[in-house]
1. Among the residues that make up the range 406-419, is at least one of them part of a loop (DSSP other than H, G, I, E, B), of a type outside the set (S, T, N, Q) and within 25 Å of Trp339 (Cβ to Cβ)?
2. Asp90 fails exactly one of the following numbered conditions: (1) surrounded by 24 or more Cβ atoms within 10 Å (Cβ to Cβ); (2) among the acidic types (Asp, Glu); (3) assigned to a helix (DSSP H, G or I). What is the number of that condition?
3. Please list, ordered by first then second residue, the pairs with beta carbon atoms under 7 Å, 6 or more apart or interchain, first in the range 417-434 and under 12 Å from Gly345 (Cβ atoms), second of a type in the set (Asp, Glu) and surrounded by 14 or more Cβ atoms within 10 Å (Cβ to Cβ).
4. Of all the residues that make up the range 377-398, how many are surrounded by fewer than 18 Cβ atoms within 10 Å (Cβ to Cβ), of a type in the set (A, V, I, L, M, F, W, C) and either in contact (Cβ under 8 Å) with a residue 12 or more places away in the chain or in contact with a strand residue (DSSP E or B) (Cβ under 6 Å, 6 or more places away or on another chain) (or both)?
5. Residues that are at pLDDT 95 or above and of a type in the set (Ser, Thr, Tyr): does the range 171-192 have at least one?
Amino acid sequence: MTPKSNSKKSGPARKQRVTTQGPAVTFAVLTDLHAFDKTARSDTENSRPAPSWLPIDDGASNPSKHPFRALEELISEQRLKADFVVCCGDMTDKAHPASQAYVWRRLQDIKRGLGAERVIATAGNHDIDSRYGYNNFDAKGVLQTLQPSFPMEDDAFADRYWSRNFAIFKSSALRLVNLNSAAYHGMGRENKEYETGRVSERTIDALSRELKADGYQALNVLLCHHHPLRNSLITVNDYSEMVDGEKLIQALDELNVGDWFILHGHRHVPNLTHGPGSAAPPIVFSAGSFSANLYGEFQSSTRNEFYLVSLEPSVSLNGTRQQLRGTIRTWMWSTTNGWIRSQAGSVGLPHEAGFGSRRHPSELAADVRNFLQKQNERQVPFTRWRDICDALPDLRHTMPRALWNAFEELRDTHGVEVVYDDIGLPAQLSLPDGSA
C-alpha cells in the first residue's frame, strides 16, 4: 500500500535505533588451567618449573597466591555474575586423574559463586590420556567418569558429545555447539594424532545437517579447544591447529543460520579477531591461559587471564539483522596480588574490549572529533570517555587494535588530547581550540 503524501517538509532522517533481541549472555571463561599435583611429581619434575600456578592442594595456599581462591575473592568483592562458566580445555597437565577431578569440582564452585546456570567445558589435548600414562587402553575414561557429567551436567548431552564428537546446547537466547577437537587423540600408541586437533568431514556434515534443520538463531557460539585458524600472534613453530578448521568455518558461514562467536584456547596466546566469511564473518576469540606457567617466548608475549564475555545479539527496529556485538572484561594474574584488572597497551587484552563494529578507525576518529567540537561549543572542555561511548556506541564494540588506530588518528590528525587512567584505558578527551 502506497503511503499518503505529506505536504510538510520532512526533517532530517533519524538514526536507526538498535534494540536487543533477547538478553545479553555472559560467559566466565577459564581455559588451559594445567592443574597439577605436587605430590605426584617425580624428583626430576620437581627440579623444573611447575606446569602452572594451580596446585590442587589449594587449602594450604595463601588466597592471593592461588588462582582459584583468588578468583573466588574477586567474584565476592566485585559481585561478578555470569550466565555460564566455560572451560575451553586442558583442565590439567598430562591428564592427571586427581587434578581433573579437582578442577571439575572447583569449576562447579565458581559456577555457584557467579550465580551461573551451568558449567560447559570441552576436552583439550592435556585432558585425554593419549600417551597412556594412567591407563593402557581408555584415553578418555577419566573424563567420562567425572561427576557431574563432563562436558556438561546432562547425561544425554555428554553421551552425544562423546559419540558424535559434538553436541548442541540451546536456551532461549543462545545456541552453543560444543565440538570435541581432541576426538581422535588416544587412537593407538603409534598414532601421533595427539599432536594436532581435528574435525572430520563427517562431523562437519552431521553438524551442518543439524544446524540447518534447527534454523536461524540470533546468537551462536562454537566452543572448541584447538584453534580452527592459525593465531597470527604465535611466532613459534605451531602445527597444532585444528585440521579442517577452515572447512568448518566455511560450512557455518554458508549455512546462514545466524552470527557466530568462536571461542577456543590451546596455545595460551589471547587474540580477538574476525574470521573469514561473507558480510558477517565470525568473531574468533583465542582465550589466554588461566594459570599455565608461560615459558620461553610466551613470558614476554602473553600473560594469564580470566574473562567475562558478554554477547549481545541484536536486530534493528525494522527487523534488519545486525552483526553480533559484545564486550570482554579481562583480569590478569599477579603472583603477588591475585587477579587484577589487566593493563592496556601491553600483551594480552585490555580490561575493557569490544567487538562487533566494523567501522573504519578513521570514521570513528572523525565522529569523536566532531562530538568534542560540539562539547567545546557547549563550553565543556573535557569529556569523559564513558560519556563519549554512550553517545557513539560503536566505540564500545570496536576491537582493541582498531580502537588503538582510531586514537592514533585522533592525536596525529585531529589534535585531540587523551588522558589515560592507571590501567591504560582512556579516561577523558579534549579538543584544544584551533585544532583541525
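The values are calculated or read from the model by the stated rules, or taken from the named source; none is laboratory data. Quick caveat: nothing in here was measured; it's all calculated off a predicted structure. FYI the Cβ positions are ideal-geometry reconstructions off the backbone, even for glycines, and counts take in every protein chain you see.
1. No, there is no match, as no residue in the range 406-419 is part of a loop (DSSP other than H, G, I, E, B), of a type outside the set (S, T, N, Q) and within 25 Å of Trp339 (Cβ to Cβ).
2. Just one mismatch for Asp90, condition (3).
3. Listed pairs, sorted by first residue: Leu425/Glu352.
4. Total meeting the criteria: 3.
5. The answer is no; no qualifying residue exists.
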